[in-house]
Structure formats: C-alpha cells, structure tokens
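Presented below is the structure to which this report refers.
Bear in mind these aren't lab numbers, they're just calculated from the coordinates by the rules spelled out. The model shown is predicted, which means the values in this text are computed figures rather than measured ones. Positions of Cβ are backbone-derived with ideal geometry, glycine not excepted, and every protein chain shown enters the neighbour counts.
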Amino acid sequence: MRDLTTREAEVEVLSGLGRKGPACLRLRSAAGTWLLDAGFGPEAGDPFRREWLLGAERVFITHDHIDHIGGAAEVVAAGLPIHCTRQTARALPAGEQVHILPEHGRTEVAGVTVTTGRNGHALGGVWLHFGLGEGLFYSGDWSEESDWFAFDPPPAAATALIDASYGTDDVPQSERRAQIGRWLDALDARQVLFPVPPSGRAGELALMLLARGRGEVSLDPACQAAVAAALEAGGLAPAAQALAPLLGRPFDPAARYLLCDTPNADGGMAGRIVGEWRAAGRLGRDAAVLFTGHMTAPARAIAAQGGTFLRWNVHPPLSDQIRMLDRIGARRFVPLFCARPEAYPDLTRTGAVPALSGKVIV
C-alpha cells in the first residue's frame, strides 16, 4: 500500500465493480480510512464481508436500501461511527454511533469538507462529495427523472464514482412509463401487485397509477408509513402532495393496484399476497405481479409463474451519466454496479476516462 501525500486520496472499490453486488468502497487519505456504504446483496449469496472493515475508522452510508446499508450490523458491532442522514439512521440497528449528515449541505469531518445533496432515489438518500484532491464525487444510487424525490446537482469533482446500474442502456423514464401503461391496458381488469421498496419506488409508482385513474390504488402499512414520513419531512418534488389522500386508509388487498413491501416479494406484505394468490390459483390467471427493479432469485421464480418485469428508472440512463460527468467536470470515473464496465471506454462524448482497475488516486 503506497504512502499518500497530504493532498492525495485513494479509493478502492471493495465491492460494486463489474456486477450489481453490495456497495462498499474504501477511501484512504491523510484524514483516515473511511468506508463508503456497507451493503449486503441484493442477492442472498452476496453478504457484507467483515474483512472490509479492517483499518476503517468511520463509515458513510448514502441511503437505506439493503445493498448499501445491509452490513450496518457489522459496522455497529465493530464500534465504528456512522455518518448518514437522519432518515437513513432510522434503519440502523441498535447501538449505533451516528453523526447526522444534512440532506443538502456541508459538514466538516476530520478536517475534510463533506458536501451532501438529495439523490433523487430514496427517502433521506444523498450523494457524497469530499473536498479531497481536486474533488471526489460518490453518487451512491441516483436518479434525475423522479416525480417524487428531489435531486440536488453536485459541485465540481475531477474524480467521480458513479451509479451505472443500467450500464449503457439509454431508455428514458418517459418510455418506461409508456411501456408500463401499455402492459396495464392489456390486462383488462386483472389485479396487479407492485412489489416495491417503501422508501424508494412506492411513492413515484403510486403517483403514476393515480394519474392513470383506472382503478383503486392501495398502499400496504410499510409503504404508507414511508410515504407519510416523506411528506412530513418535505423536500420532495412538487407532485408528491397528490399522495396525501391515500394515507390513513386501511390497506385493501382487493384493490386493483397494490403497492407492497418487499421489492422482490420474498417477504413483507408482497410475499404474503403472492402466497395467497398462489394458494387460490390466482397467480397468472386473474392476478399478476409487476417487478420494476433489480430481480433476485425469488422474484424471478414468481415472474415465471405469473409476473412480468418492466423497468422503472430509479438509476440514471446513459445520457444522464454522461451529463453528470460533463456537469461536474470529471476527468476520471468509475462506473459502479453494472455488469459490463468495460463497455465504457467506447464512450467519446465526454473527456472523462473510465478507471476499471478498482483503484483510483484522487
């Protein structure tokens, strides 16, 4: 391990390069050794590895989705301080040492300026910008297409660690919305379950379904709680208030459209509904499941019986990735969470050079 000058920093991608796996990166500088995210999964066979904590002095968590926060119990057991927003801290296990980050603002940590902004992806979710070298930007997961979550543009950074979950796919949200609409129209009166992360797609899919106006929309208790917390916290996109009338209503499993936790229907109310539909012989007959995000093995099994996958963008398509790199003036970037990062050298619309080794000097 090379010695760093006081003006340098080094990032090593411990997990998250070359596949959709747990998010965990090591940031080393004169200020110390820090971890960026501590994820588990999303597949059951992708645990957070305890050895990633070796030498770490503090951990920054961007948002509360399992592939970014799922290893938090190991962090707490190691006695390390965790830096995250107040909303994300609600998902941490007991015994945590939390240092609250603003959803939009600046914080000094061990002499380093840490700037945060809303990531357009999850309730309380933020991107991170570190005042190291010529600027280091870590997007975590991000989206600029949401009608529900707000997004704050980040400051300039020569080095960018960006969410590239969709790789070089460049289909915009407008087309995703149209695809889902056509599929729903073809179902006639069939009942549809949308398995969702409550603090993620629940709000924006509910907005889309309400705008269609072709059937009752019902949120399970976990989704209602997340939507209510989001509306109370504020800082959402202007359209978000349209969901207020859905709150406080008892969950109705007979409604046309059901928005339920968990996103892969492997637990929570979504898992329960699928189990009931299977037992009654309804799955694939008069009831369907629409998966809109990354599918794990349980979700793929359900889809084979009576489900469909149609993506709802919660990560940036290629055009947004390129615009981000241009906007912040990045000269080098790491495309995270995608299966083929090697595809990125073919991009010529930005001067940023992809760093694919898993290590980069800031």
Percent RCO, i.e. relative contact order, over region 173-309, from Cα pairs under 8 Å lying at least 6 residues apart = 31 percent
query = For a label point 7 angstrom out from the Cα of PHE309 toward its Cβ, which stretches of region 257-297 have the backbone nitrogen within less than 17 Å?
reply = 263-266, 289-297
key: Derived scalar couplings ³J(HN,Hα) [region 251-264; Karplus, 6.51 cos²θ - 1.76 cosθ + 1.60; whole Hz; x for Gly, Pro]   = 4, 10, x, 9, 5, 5, 10, 10, 10, 9, 6, 10, x, 10
ask   = Alpha carbon centre of region 60-101 versus region 236-313: separation in Å?
value = 27 Å
task = Please sort by residue number the GluC sites (Glu not before Pro) in region 10-93 whose DSSP state is loop and whose Cβ has at most 15 other Cβ atoms within 10 Å.
result = GLU57
request  = With 10 Å bins from zero, work out the P(r) of region 173-309 over every alpha carbon pair and list the percent per bin.
outcome  = 12, 46, 35, 6, 0
remark   = For the chain, the longest principal axis of the Cα atoms and the Cα long axis of helix 173-186 enclose an angle in degrees, to the nearest 10, of 20 degrees
ask   = Which loop trypsin sites (Lys or Arg not before Pro) in region 1-94, with loop taken from DSSP, have no more than 12 other Cβ atoms within 10 angstrom of their Cβ?
value = ARG2, ARG7
message = I need the phi-derived Karplus couplings for region 148-159: 6.51 cos²θ - 1.76 cosθ + 1.60, θ = phi - 60°, integer Hz, Gly and Pro marked x.
response = 10, 8, 7, 10, 10, x, x, x, 5, 7, 6, 10
The chain: angle of helix 318-328 to the longest principal axis, Cα-based, in degrees nearest 10 = 40 degrees
query = Points 7 angstrom from Cα along the Cβ direction at ASP326 and ALA211: gap in nanometres?
reply = 2.5 nm
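Classify region 1-110: rounded, prolate or oblate, from the alpha-carbon gyration tensor (a ≥ b ≥ c, eigenvalue square roots; a/c under 1.5 rounded; otherwise prolate if a/b is larger than b/c)?
Taking the square roots of the gyration eigenvalues as a ≥ b ≥ c, region 1-110 is oblate.
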task = Using θ = phi - 60° and the Karplus relation 6.51 cos²θ - 1.76 cosθ + 1.60, list the HN-Hα couplings for region 270-284 in order, rounded to whole Hz, with x at every Gly or Pro.
result = 4, x, 5, 4, 4, x, 5, 5, 4, 4, 8, x, 8, 4, x
inquiry  = Please list, in order, the residues from region 169-195 whose amide nitrogen is less than 19 Å from a point placed 7 Å along the Cα→Cβ vector of ARG272.
reply    = 192-195
